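Just below is one structure, and these are the notes that go with it.
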Amino acid sequence: MVDVWGSHQRRPMSAAELVRRLAQQPATERDAELLATRLAHAERLGNMGWAEWNLHTGAATWSDHVYLIFGRDRDDGPIHLPDLAKHVEPGDHGALDQLLWSVVQGEEPVQAEFRIRRGAELRNLRVVLEPLMTPGGPEGVHGVVQDITGRRRAERIMSESRRQLLEAREKAAEERHVMLALREAILPEPVGCLDLPCTRIAVRYVPAEKTANLGGDWFEAAALPDGRMLLAIGDVSGHGLPAIAHMAQLRHALIGLTMTGEPPNRLLAWLNELVMHRLRETTATAIIGHLDPASRVFTWGQAGNLAPILVRDGVAGPLSVPKGVLLGATGDQPYGLTSTALREGDVLLLFTDGLVERRTRDIDEGLALATAAACELPGHDLDAGLDRLLTGIGGPNPEDDACLLAVGLGVGGRPAGVRP
């Protein structure tokens, strides 16, 4: 048999050399050469080799790749079957003993896995042995030896990756539970609609589908001592517990400042000072408005938030916004103030940008979808209407949370001045 590895350099023969040598040989020699070449390729690709041990003489024969698997010099010859245990890890001697006992006692192939030391490296082997039977019993053993270290290493990596992924999912679920519980404690969502003077109000907090993207969206709707109503909505930048903590500070500050009776643009200026000096490296959007139930005038200002949508007689469209920059962006820009006269049957929808912004679509497309869906908001059943609106725009945002606040004028609320 021709040594395709080269007699001295021990390197694979090049394709050109192999073709040249085969062309110079008789057909039978070429067939044998091709068979040997294919066998050598198969051994390398499968990282396996073959071995035979004679049970009577003790003689052993190995293919070249078995020497490579064991890290053994070919001049040292193969390892005899009784000496194999010296090369196997002590913890795997039982597996080897069972393998050898089974092969000499039976007639069917048997297999086992055990580990060997190749220098300082631990290798995983899979060995399949088959008895070479004669009328007098087994004469020898034929075996296939395969190095499966890479496979077992990959399995361990996959197992560890699955374990880490499971732990990460469990941790994320726990964190999501904690953050949602914290949000609920800071900003409890009312059941159904709020019953305020001459209005029906429904709100929604829609958490992001991804745990890490729970953020600082908030709303507020409350009757003020002078008979007006505070309607506000906003979004603090960032995600996770820091954003929720900043949201709590901003919202609680607004509730306190509202008691001064100052107009919304003045409240926004004070909140901007708070963000600039106490919530550094944070920005926020907001709409703050006062609704007078008697005159039905909504007086409001905004800080970088998308315009509210007004639904009147089945037609929806955004309000014209007064000037106003993000809270925390600058300290020298005044906030504008505007008034919107509302009518009985009107529906006003305030929302944060998580409702319409999606990574997979342009914000104008999201706004168009929200505006079209808002046309179907019925003043008499705002709670169910918000559910349909969320479905109409594609459901919850995977990347960001959102708040919605819908106000229906003169629909089901208490008359002005009547206390609960």
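A few notes on this one:
- Answer from Thr340, Thr330 - the residue that is polar (S, T, N, Q) and modelled with pLDDT of 90 or more: Thr340
- Scanning segment 281-300 for residues that are closer than 19 Å to Met247 by Cβ, in contact (Cβ under 8 Å) with a residue 12 or more places away in the chain and in a loop (DSSP other than H, G, I, E, B) yields Thr282, Thr283.
- Residues within segment 167-219 that are assigned by TED's automatic domain parsing to the domain that holds Pro308, at pLDDT 70 or above and of a type in the set (Val, Ile, Thr), tallied: 4
- The C-beta contact set for segment 366-382 (first residue farther than 11 Å from Ala202 by Cα, second residue in a helix (DSSP H, G or I) and charged (D, E, K, R), distance under 8 angstrom, 6+ apart or interchain) comprises Ala373/Arg388; Glu376/Arg388.
- Qualifying residue in segment 64-73 (condition: modelled with pLDDT of 75 or more and in a strand (DSSP E or B)): no
- Answer from Ala307, Ala303 - the residue that is modelled with pLDDT of 95 or more, in a loop (DSSP other than H, G, I, E, B) and under 33 Å from the mean Cα position of the chain (by Cα): Ala307
- Considering each residue of segment 44-61 in turn, at least one proves to be of a type in the set (Asp, Glu) and in contact with a Leu (Cβ under 9 Å, 6 or more places away or on another chain).
- Extreme residue, farthest from Ala284 (Cα to Cα), among residues of segment 316-353 that are surrounded by 23 or more Cβ atoms within 10 Å (Cβ to Cβ) and among the small types (Gly, Ala, Ser): Gly324
- Any hit, segment 391-398, residues being part of a helix (DSSP H, G or I) and surrounded by fewer than 15 Cβ atoms within 10 Å (Cβ to Cβ): yes
- With respect to (1) touching a strand residue (DSSP E or B) at 6+ places or on another chain (Cβ under 7 Å); (2) at pLDDT below 90, the lone exception for Thr258 is condition (2).
- Of all the criteria given as (1) in contact with a Ser or Thr (Cβ under 8 Å, 6 or more places away or on another chain); (2) farther than 23 Å from Met259 by Cβ, the one not satisfied by Ala284 is (2).
- The single condition among (1) touching a strand residue (DSSP E or B) at 6+ places or on another chain (Cβ under 7 Å); (2) part of a helix (DSSP H, G or I); (3) surrounded by fewer than 23 Cβ atoms within 10 Å (Cβ to Cβ); (4) not aromatic (Phe, Trp, Tyr) that Ala269 does not satisfy is (1).
- Checklist (1) over 23 Å from Gly150 (Cα atoms); (2) modelled with pLDDT under 75; (3) in contact with a His (Cβ under 9 Å, 6 or more places away or on another chain) applied to Leu34, failing item: (3)
Yes/no per residue for (1) in contact (Cβ under 8 Å) with a residue 60 or more places away in the chain; (2) farther than 16 Å from Pro207 by Cβ:
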site: Ala243; (1), (2): no, no
site: Arg251; (1), (2): yes, yes
site: Ile255; (1), (2): no, yes
site: Thr258; (1), (2): no, yes
site: Glu262; (1), (2): no, yes
site: Leu267; (1), (2): no, yes
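- Here Gly345 does not fit the description of being in contact with a strand residue (DSSP E or B) (Cβ under 8 Å, 6 or more places away or on another chain) and part of a strand (DSSP E or B).
- Only listed residue being assigned by TED's automatic domain parsing to the domain that holds Leu350, surrounded by fewer than 20 Cβ atoms within 10 Å (Cβ to Cβ) and in contact with a strand residue (DSSP E or B) (Cβ under 8 Å, 6 or more places away or on another chain), chosen from Ala232, Ala253, Ala245, Ala222: Ala222
- Taking first residues from segment 353-365 that are free of Cβ contacts under 8 Å to residues at least 12 places away in the same chain and partners that are surrounded by 18 or more Cβ atoms within 10 Å (Cβ to Cβ) and among the acidic types (Asp, Glu), the Cβ contacts under 8 Å between residues at least 6 apart in sequence or on separate chains come to Ile363/Asp353.
- Filter result for Phe351 (within 19 Å of Val407 (Cα to Cα), of a type in the set (Phe, Trp, Tyr) and under 37 Å from the mean Cα position of the chain (by Cα)): yes
The values are calculated or read from the model by the stated rules, or taken from the named source; none is laboratory data. Predicted model only: the values in this text are computed from it and were never measured. Neighbour counts are summed over all protein chains in view; Cβ atoms, including those assigned to glycine, are modelled from backbone coordinates with ideal geometry.
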